[in-house]
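First up is the structure itself, then whatever we jot down about it.
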Amino acid sequence: MNRTIRFLIYCVFFLPLVVQAQSDVDALRYSQTNIAGTARFTAMAGAFGALGGDFSTLSWNPAGIAIYRKSEFTFSPSLYVEKSNSDFLNNSSNALKYNFNFGNLGLVYTQKLSNNDTSYGWKNWNFGIGFNRLNNFHTKTYYEGMNSQNSLLDYFLQQANMNGNLDPFYGQLAYNAYLINTDTTSADPYIKDQQPGQSLLQRRTSTTRGANNEIVISFGGNYSNTLYLGATLGLSSLRYLEESIYEEVDKNNEVTNLNNYQFNQNVTTHAYGINLKPGVV
């Protein structure tokens, strides 16, 4: 390999690159888990991760499967209720979201190896397969209030005048809808019709859906009723959808050439992964 090719390879691997994909909000949202799964696991706030003998522990501490003394089939339906309260410009609002889902579905098979609990050795081995819900993304928020100080259009104007061009996802949309316009009489290339002191009713509704689920395939064993070992092969799937509607309305008919407008945003995320978790109690 000559020096030129080698130099080009080093440049590809070691030059700094800027990659924009997820924000810190996305990373926090997708990395967190919630207390979900079987009814017993949820009622005990996840304490069975240490106690074992519950199907949800296969996603938390797989050694919990070794504590099973007999086979079990488990199925947990769930009704999720979420309420949010918002305060915006001295105006309080609330929103409710309901979701019916399945916390878990699974089967644990137990094979006894010894009937003598006082002797040393392997007492049983257990095999489990099913799925657990790890997080629920269902929420709904709503707020509204009269604002005479600023508008979303101010942000579009700031970006357009600062960069000298229109962002296709923000400023260009506002320009196409005649919410911001070009102006040759001022220092800034773009202006808006709303003037200082003119009030707009601002409101926003956001609805999220989806969940983080894990299919588990687990195996464990009980040694002398003292040492419990287990491992889980987890197949994770994540689905997150967010729909938001932001609206500004000239409720008092103060702004020339503006009645109302809506700005809609949709976010869809799908992710899949695989993991291997060992455990011991």
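The values are calculated or read from the model by the stated rules, or taken from the named source; none is laboratory data. Just so we're clear, the structure is a prediction, and the values are computed from it rather than from any experiment. Here the Cβ is made from the backbone with ideal geometry for all residues, glycine too, and neighbour counts use every protein chain on show.
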Checklist outcome for this item: Only unsatisfied item for L229, checking (1) closer than 30 Å to N91 by Cβ; (2) in contact (Cβ under 8 Å) with a residue 40 or more places away in the chain, is (1)
Checklist outcome for this item: Counting only residues in the stretch 19-73 that are within 22 Å of F102 (Cβ to Cβ), under 21 Å from the mean Cα position of the chain (by Cα) and not polar (S, T, N, Q), the one surrounded by the fewest Cβ atoms within 10 Å (Cβ to Cβ) is identified as A45
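Evaluate the following for I191: is it among the β-branched types (V, I, T), within 30 Å of Y142 (Cα to Cα), touching a strand residue (DSSP E or B) at 6+ places or on another chain (Cβ under 8 Å) and modelled with pLDDT of 95 or more? Quick ask: steps written out before the conclusion?
Values: among the β-branched types (V, I, T): yes; within 30 Å of Y142 (Cα to Cα): yes; touching a strand residue (DSSP E or B) at 6+ places or on another chain (Cβ under 8 Å): yes; modelled with pLDDT of 95 or more: no.
So I191 does not fit the description; no.
Regarding G164, is this residue modelled with pLDDT under 90 and not charged (D, E, K, R)?
On the way: modelled with pLDDT under 90: yes; not charged (D, E, K, R): yes.
Considered against the rule, which asks whether it is modelled with pLDDT under 90 and not charged (D, E, K, R), G164 comes out as yes.
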Checklist entry - Exactly one of (1) farther than 30 Å from N225 by Cβ; (2) in contact with a helix residue (DSSP H, G or I) (Cβ under 7 Å, 6 or more places away or on another chain); (3) among the small types (G, A, S) is unmet by S86. Its number? => result (2)
Checklist entry - Filter the stretch 88-114 for residues that are touching a Gly at 6+ places or on another chain (Cβ under 9 Å) and of a type outside the set (A, V, I, L, M, F, W, C); which is surrounded by the most Cβ atoms within 10 Å (Cβ to Cβ)? => result N104
Next on the checklist: Looking for something touching a residue at least 40 places away in the same chain (Cβ under 8 Å), surrounded by 14 or more Cβ atoms within 10 Å (Cβ to Cβ) and more than 36 Å from the chain's Cα centre (by Cα) - is there at least one such residue anywhere in the stretch 200-223?
Outcome noted: yes
